[in-house]
Amino acid sequence: MIPFRDTVPLRHTPWVTWSLILANLLLFLQGQGLESDDLRSFQYLHGLIAARYMHPEWAATSGFPDDYTPFITSMFLHGSWPHLIFNLWLLWIFGDNIEDHMGGVRFLAFYLMCGLIAGFTHTYANPLSTVPTIGASGAIAGIMGAYFFLFPYARIVIWVFFLPIFIEVPAIAFLGIWVIVQLYKVTTGLSSAATYSDVAWFGHLGGFLAGMFLYKPFLLGERARMGTGYRF
């Protein structure tokens, strides 16, 4: 089943959400223009490699510069069209309503903060990983964490895949199932003695928890949210 849309109306145009979607799309298209070896080198340089920061001696001998920008740049890189489309679709569904309640600048700061916390969580949970982690899913998980509390009883329209069937479920149920899946993947990985995989499950949970616990200071006051002009 695939989330199709939500039912929460907007008061303002979500310019920052749209800009984040566009930035991710343009960077992905730029990467598609590179040769495979160049793209791989680009992802290793700008993706988040946990061992690069947990084992600096390995990073030095491997030729990595002393640079922490991958904690940000990794949020804007994606490995494939399905990876990109699924992340940006979730950002489209959940991001606009959170931006509506935060305003543009606060929303952008919140988005980046959740992505950073997701990156740190992944790094400390997978200290031996030498695989570049890329994608906006940690930051988007933070948005979903805020949505969980702000709109728990909003309806998420779900498309039953391959069938012309759409059903509505409460956001708290959809997001709760999403969290259960992440927890299942984490505990399964731990029980099988796997230290990491090709999906940053710990990062997803770290971003979601960051969004849940840290969203309140970023909210606009009720009077500002009810205004007719766009609020930064």
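Since every read-out is calculated from the coordinates, none of them should be taken as a lab result. If you're wondering where the values come from, they're calculated on a predicted model, not measured in any experiment. Positions of Cβ are backbone-derived with ideal geometry, glycine not excepted, and every protein chain shown enters the neighbour counts.
Observations on the structure shown:
- At R0 = 30 Å, FRET efficiency that the Cβ-Cβ distance of residue 85 and residue 216 yields, to 0.05: 0.45
- Hypothetical label at residue 2: residues of the stretch 43-82 whose amide nitrogen lies under 18 Å (7 Å Cα-Cβ projection): 79-82
- From most to least packed by mean Cβ count within 10 Å, the peptides 124-130, 134-140 give 134-140, 124-130.
- Hz values of 3J(HN,Hα) by residue in the stretch 137-146 - Karplus curve (6.51, -1.76, 1.60), Gly and Pro given as x: 5, x, 5, 5, 4, x, 4, 5, x, 5
- Taking label positions 7 Å along the Cα-Cβ direction at both residue 159 and residue 181, the computed distance is 1.5 nm, reported to one decimal.
- Principal-axis tilt of helix 36-46 within the chain, Cα atoms, nearest 10 degrees: 80 degrees
- Simple label model, 7 Å out from Cα along Cβ direction - residue 72 to residue 26, nm: 1.6 nm
- Degrees, to the nearest 10: 81-102 long Cα axis against longest axis of the chain: 50 degrees
- C-alpha long axis of helix 201-214 to longest principal axis of the chain, angle in °: 40 degrees
- Distant-in-sequence amide H partners of residue 168 (H built 1.01 Å from N, under 5 Å): 158
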